[in-house]
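The values are calculated or read from the model by the stated rules, or taken from the named source; none is laboratory data. A quick note: this is a predicted structure, and the numbers were derived from the prediction, not measured. Glycine also receives a Cβ, built like all others from the backbone with ideal geometry; neighbour counts cover every protein chain displayed. Only protein heavy atoms, including side chains, enter the accessible area calculation; ligands, DNA and RNA are left aside. Shrake-Rupley method; radii C 1.70, N 1.55, O 1.52, S 1.80 Å.
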Protein chains: 4
Amino acid sequence: MEVGFLGLGIMGKAMSMNLLRHGFKVTVWNRTLSKCEELVEHGASIGKTPAEVVKKCKYTIAMLSDPSAALSVAFDKDGVLEQICSGKGYIDMSTVDADTSSKISEEITKKGGCFLEAPVSGSKKPAEDGQLIILAAGEKQLYDEAIPAFNVMGKKSFFLGQVGNGAKMKLVVNMIMGSMMNAFSEGLVLADRSGLDQQTLLDVLDLGAIANPMFKLKGPAMVQNNYPPAFPLKHQQKDMRLALALGDENAVSMPVAAASNEAFKKARSLGFEDHDFSAVYEVVKAPEHSA
Amino acid sequence: MEVGFLGLGIMGKAMSMNLLRHGFKVTVWNRTLSKCEELVEHGASIGKTPAEVVKKCKYTIAMLSDPSAALSVAFDKDGVLEQICSGKGYIDMSTVDADTSSKISEEITKKGGCFLEAPVSGSKKPAEDGQLIILAAGEKQLYDEAIPAFNVMGKKSFFLGQVGNGAKMKLVVNMIMGSMMNAFSEGLVLADRSGLDQQTLLDVLDLGAIANPMFKLKGPAMVQNNYPPAFPLKHQQKDMRLALALGDENAVSMPVAAASNEAFKKARSLGFEDHDFSAVYEVVKAPEHSA
Amino acid sequence: MEVGFLGLGIMGKAMSMNLLRHGFKVTVWNRTLSKCEELVEHGASIGKTPAEVVKKCKYTIAMLSDPSAALSVAFDKDGVLEQICSGKGYIDMSTVDADTSSKISEEITKKGGCFLEAPVSGSKKPAEDGQLIILAAGEKQLYDEAIPAFNVMGKKSFFLGQVGNGAKMKLVVNMIMGSMMNAFSEGLVLADRSGLDQQTLLDVLDLGAIANPMFKLKGPAMVQNNYPPAFPLKHQQKDMRLALALGDENAVSMPVAAASNEAFKKARSLGFEDHDFSAVYEVVKAPEHSA
Amino acid sequence: MEVGFLGLGIMGKAMSMNLLRHGFKVTVWNRTLSKCEELVEHGASIGKTPAEVVKKCKYTIAMLSDPSAALSVAFDKDGVLEQICSGKGYIDMSTVDADTSSKISEEITKKGGCFLEAPVSGSKKPAEDGQLIILAAGEKQLYDEAIPAFNVMGKKSFFLGQVGNGAKMKLVVNMIMGSMMNAFSEGLVLADRSGLDQQTLLDVLDLGAIANPMFKLKGPAMVQNNYPPAFPLKHQQKDMRLALALGDENAVSMPVAAASNEAFKKARSLGFEDHDFSAVYEVVKAPEHSA
């Protein structure tokens, strides 16, 4: 199977490498072309523009950094739209909002192409290990055809219906995650201030009904006031805000998410926007010693 | 090793059965003596009063329903205090508040006895399977001596220091759990109202960084509006209230726990106090159809 | 002084009537022209289109129902922009968001005209009594020239600086008001459930440090479950949302406003969006009798 | 009319002075007797103990600093209980919780005496001006007899039914006040961060539907970061906590009060417990400059 791949950041590089490793013919493009070299060493071809990649390949996957990059790669000169046509599929795996996704979908469809949004859950390590969770929505037929590729990039893919549902599912998951991080932070601080050992709390949590990989991974760093950015706090707060906006549209009252969102906003005002979102722990903790 | 066991409710029965099964000599007592019969069939002896059990055994374990039962068994006529003395240990595994625990500890100690509070994390199934988590605090020596018994009742025991710390650790864990249940409920409702499939959300969650046994166990029942009482909502709300009070004592601000607590209170006002605490989902969901 | 007046809804009619009553020459326009008749009886002239009004008058005031009406009157065929020019001033007193205001401001300015946004605080009664509070922002010189008109429509006007500040000030005030309404509702319900008389609470409040016209006006109706729409709940909730968004932009954490906003969202989901915003009381109260 | 008066703190002194000024014969007692001198200059007699005052007077009023002082004056040696008897009335105007009040009531009643709790709303200035609001509960007949005294100490008195209702009414009022202070603080900070002038916001608020004496009095000091203790923050937070506990008993969900309470707790952790409760503004504001 031959696929195009646009965008070779941390995620895109790992994902395209997995495609190569499993025998896919891959034509790659990246804004900074030099980043393509490592992939070429592993057998990839290079396309000089997104349009050139789409022209060459029946299926093109994109993994871009944000909505503006996704729009630019699709709509700019030498972009995807110039070559997309009936019989070709475009699969945007970038994390973008539902509006951006819909706009791209619409234009691809007008040109006769097929579109799938397919944001992923999971970051660098799962991308390298082919263990991503893929939240696809759009053309069901394209989804079915893309499954061989999804299978080597992820451990599980879901088809969620109409375009926008992939983005929404990600928001829901991240909203729950953000509230859990706040609950966890409050518990860690309460333990400490009540004279309990935080490491013991981590051990107890890890044995019980609410044990989960996030607590296990981030807890030990948090109690050391350490927040290496895996998922930046400003992005988590943006997702909380968008999830609350989705709730507003649908008249869903979510007081716990709202309280969590305000804590993330406070963390931003304290200067932690570029730290990992677990830095919301600093908000709960502060001040370390009362005046 | 010979131990006394006071209280044969759902938990106590399962725990004393595990002791018998692993070769402990067990003398049991229960307010309703007929409940002792099944244990006797498996080799237990009967004590007619708590005092008689303590007189006979070097170590006595109690697993009682609430603080008033714990106080009554210790202080009433024919109670533990009448026979406790130097050389004997009393291990109260009931879930009680720190004050109750301290009161019992003080009187046991005055009589020369040793005291350990050892509330557990886990309900019926882990009790039967000997998979409880034991949160012990009090006399370290008694803790060391009790380890063989703890090993057959639980998968892991912790020694947490002075009396009261066991109760506090349980509150911290349950507080995190209560907020997580709210976050989970908000996510389930948001998914539904946004046109996403709830079962798919459960599947996505179960594959990711926040996957945990509680979501996996309770989620499928919740989306069926089903809340079989494993941990009654009124008890969860009481624990949230006590955790917030512990935070108040120590000037720890916990807005997410506070918001969660108010949701549990609303659930009580809706008549769900005796359902499982996952019934807080009803608060988030209501009303099912807007007016 | 001669002024144009666009928009004769409840507010606009009362405001233009006050201008006439105080000797202003007023040329009115309304989408439904028949609404102009009453004003004509009191001495007004009629303009057939917004453009005609602007052509005739040095100053034109607009009081339109919402952002889309404000944009339409400015930008559509026969709209304000067709005749605005150097030497003419346009004063938009409609309640619109800062973006809408800025967009209109920009186009007016390009044509050489002067622009002032001047949303008001106060509803029907203060409009009739000339007791509005006017929150103006934009061209300072136009503000100074408009003071005679502001003086007959309002009891006080403020100049707040650059365009957008009028809208923002309104949001801040309405946010405080929305949280106060929630606090008030919680107090009323707590009183009732605790066996206290609600009317007595109203009396006590009215004598103390937090006595205010809103409690006095709306309290007696609320305890009768009566919410005649003076300020519709859906508009109050929209303003809470926009105020929270303004806080988000500026990294201001506002947990009380966030909790209040979620209560208003719950009220929407219960079908109270078109009632007065005091109907958030229903959310706090529900259910009247526990199950 | 002859009355006893126990407790000559800031409040008690002002209240007993008003009684003297209006022709009451007053016998005063204070733990530090020297504080009685000023009253004696204005015509008061001195009682050496609470018991002596009660023995001499048909009616005795108490205004003590807190529950433990109230209990001590009633129950200790030479206390009120030693001389209270049929035909005598005891009116406790101290701010105490419902439990303390009930305990005193019970013992007074056992001895044949009549009891009234009558906490007040208002602080030093209203006490001096005879402008307190009196929230009485207990024996209706004693209330009726005490009205001449209430009339000179307060501008209005309420009879609220059974003992405990006075304390509860105060909690409800203070809870609303605490949430309003948070709403106000959030608004002040949002205005400032959004580029609006805070003094203008105060002016706008003071002209509108939510204008109230508290905003007017405290606002100008707050924007100067000035919180002279009229009502200490730790007492306000205690009242929020007790109001939330009252809500818990009655299954009333109060998310806005809960969020406000957490902000007051954060203020305590920042060291503002002895400042005025308006210092919660510091919590919303912090940090002044982002990192």
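From the list C:Ser157, C:Ser179, exactly one residue is assigned to a strand (DSSP E or B) and out of contact with any Leu (no Cβ under 6 Å at 6 or more places or on another chain). Which is it?
Numbers: C:Ser179 fails: assigned to a strand (DSSP E or B).
Just one listed residue meets the conditions, C:Ser157.
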>> Given the options B:Ile104, B:Ile84, name the one that is at pLDDT 95 or above, over 21 Å from the mean Cα position of the chain (by Cα) and away from every other protein chain (no Cβ under 14 Å).
In response: B:Ile84
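Of the residues B:Val163, B:Val204, B:Val152, only one is farther than 14 Å from B:Pro119 by Cβ, modelled with pLDDT of 95 or more and more than 9 Å from chain A (Cβ to nearest Cβ); which? Walk me through how you get there before you give the answer.
On the way: B:Val163 fails: farther than 14 Å from B:Pro119 by Cβ; B:Val204 fails: more than 9 Å from chain A (Cβ to nearest Cβ).
When all the criteria are applied, what remains is B:Val152.
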> Do we find a residue being out of contact with any Phe, Trp or Tyr (no Cβ under 9 Å at 6 or more places or on another chain) and among the hydroxyl-bearing types (Ser, Thr, Tyr) anywhere in the stretch B:47-58?
Replying inline: no
> If A:Ile46 passes every condition in (1) surrounded by fewer than 24 Cβ atoms within 10 Å (Cβ to Cβ); (2) within 18 Å of the chain's Cα centre (by Cα) but one, which one does it miss?
Replying inline: (2)
> If you scan the stretch D:18-32, which residues turn out to be surrounded by fewer than 14 Cβ atoms within 10 Å (Cβ to Cβ) and part of a helix (DSSP H, G or I)?
Replying inline: D:Arg21
> Out of (1) closer than 28 Å to A:Asn18 by Cβ; (2) at the interface with another protein chain (Cβ under 9 Å from one of its Cβ atoms), the odd one out for A:Asp129 is which?
Replying inline: (2)
> Where residues in the stretch B:185-200 are within 7 Å of another protein chain (Cβ to nearest Cβ) and touching a residue at least 60 places away in the same chain (Cβ under 8 Å), which of them is surrounded by the fewest Cβ atoms within 10 Å (Cβ to Cβ)?
Replying inline: B:Val189
> Does the stretch C:105-113 contain at least one residue that is under 16 Å from C:Gly166 (Cβ atoms) and surrounded by 19 or more Cβ atoms within 10 Å (Cβ to Cβ)?
Replying inline: yes
> When you go through (1) part of a loop (DSSP other than H, G, I, E, B); (2) open to solvent by less than 50 Å² (accessible area, probe 1.4 Å) one by one for C:Ala146, which number turns out not to apply?
Replying inline: (1)
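With the requirement that a residue be among the charged types (D, E, K, R) and either within 22 Å of the chain's Cα centre (by Cα) or more than 7 Å from every other protein chain (Cβ to nearest Cβ) (or both), what does the stretch C:231-261 give you?
Kept after step one, since they are among the charged types (D, E, K, R), are these residues of the stretch C:231-261: C:234, C:238-239, C:241, C:248-249.
The answer is C:Lys234, C:Lys238, C:Asp239, C:Arg241, C:Glu249.
Can you work out which of the residues in the stretch C:217-227 that are without any contact (Cβ under 8 Å) to a residue 12 or more places away in the chain and under 23 Å from the mean Cα position of the chain (by Cα) is most open to solvent (accessible area, probe 1.4 Å)? Step through it out loud before you land on a result.
Going through the stretch C:217-227, the residues without any contact (Cβ under 8 Å) to a residue 12 or more places away in the chain turn out to be C:217, C:224, C:226.
Now narrow it down to the ones that are under 23 Å from the mean Cα position of the chain (by Cα): C:217, C:226.
Values: C:Leu217: 129, C:Asn226: 83 Å².
Checking each candidate, the answer is C:Leu217.
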> Taking A:Gly187, is it in the same structural domain as A:Ala263 (by TED's automatic domain parsing), assigned to a helix (DSSP H, G or I) and farther than 21 Å from A:Pro232 by Cα?
Replying inline: yes
>> Could you go through the stretch D:249-257 and let me know if any residue there is assigned to a loop (DSSP other than H, G, I, E, B), in the same structural domain as D:Gly187 (by TED's automatic domain parsing), in contact (Cβ under 8 Å) with a residue 60 or more places away in the chain and touching a Gly at 6+ places or on another chain (Cβ under 6 Å).
In response: yes
> Just checking, which of B:Met11, B:Met15 is closer than 16 Å to B:Pro119 by Cα, assigned to a helix (DSSP H, G or I) and at pLDDT 95 or above?
Replying inline: B:Met15
>> Among the numbered criteria (1) more than 10 Å from chain D (Cβ to nearest Cβ); (2) open to solvent by 30 Å² or more (accessible area, probe 1.4 Å); (3) in a helix (DSSP H, G or I), which one does C:Lys170 miss?
In response: (1)
> For the stretch B:262-288, which residues satisfy the criterion of being in a helix (DSSP H, G or I), at the interface with chain C (Cβ under 10 Å from one of its Cβ atoms) and of a type in the set (Asp, Glu)?
Replying inline: B:Glu262
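Of the residues B:Ile104, B:Ile108, B:Ile147, which is farther than 24 Å from B:Arg31 by Cα and outside the structural domain of B:Lys238 (by TED's automatic domain parsing)?
Working: B:Ile104 fails: farther than 24 Å from B:Arg31 by Cα; B:Ile108 fails: farther than 24 Å from B:Arg31 by Cα.
B:Ile147 is the lone residue from the list that is farther than 24 Å from B:Arg31 by Cα and outside the structural domain of B:Lys238 (by TED's automatic domain parsing).
Looking at B:Ser65, B:Ser72, B:Ser94, can you tell me which residue is assigned by TED's automatic domain parsing to the domain that holds B:Gly9, over 18 Å from B:Ala146 (Cβ atoms) and touching a Ser or Thr at 6+ places or on another chain (Cβ under 8 Å)? Break it down stepwise before answering.
Details: B:Ser72 fails: touching a Ser or Thr at 6+ places or on another chain (Cβ under 8 Å); B:Ser94 fails: over 18 Å from B:Ala146 (Cβ atoms).
One residue alone meets the criteria, B:Ser65.
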> Which members of the stretch D:123-143 meet the condition of being within 17 Å of D:Gly89 (Cα to Cα) and open to solvent by 60 Å² or more (accessible area, probe 1.4 Å)?
Replying inline: D:Glu139, D:Lys140, D:Gln141
> If we keep just the residues of the stretch A:228-244 that are more than 17 Å from A:Met180 (Cβ to Cβ) and outside any helix (DSSP H, G or I), which is least open to solvent (accessible area, probe 1.4 Å)?
Replying inline: A:Pro232
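For every residue, the table says whether it meets (1) of a type in the set (D, E, K, R); (2) touching a Gly at 6+ places or on another chain (Cβ under 9 Å); (3) modelled with pLDDT of 95 or more.
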site	(1), (2), (3)
D:Lys111	yes, no, yes
D:Phe115	no, yes, yes
D:Ala118	no, yes, yes
D:Ser123	no, no, no
D:Glu139	yes, yes, yes
D:Asp144	yes, no, yes
D:Ile147	no, no, yes
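With the requirement that a residue be part of a helix (DSSP H, G or I) and either more than 9 Å from every other protein chain (Cβ to nearest Cβ) or of a type in the set (A, V, I, L, M) (or both), what does the stretch C:207-217 give you? Walk me through it before giving the result.
Taking the stretch C:207-217 as the starting set, the residues that turn out to be part of a helix (DSSP H, G or I) are C:207, C:213-217.
If the condition is that a residue be part of a helix (DSSP H, G or I) and either more than 9 Å from every other protein chain (Cβ to nearest Cβ) or of a type in the set (A, V, I, L, M) (or both), then C:Leu207, C:Met214, C:Lys216, C:Leu217 are the ones that fit.
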>> Checking B:Asn182 against (1) in contact with a strand residue (DSSP E or B) (Cβ under 7 Å, 6 or more places away or on another chain); (2) surrounded by 24 or more Cβ atoms within 10 Å (Cβ to Cβ), only one condition comes out false. Which one?
In response: (1)
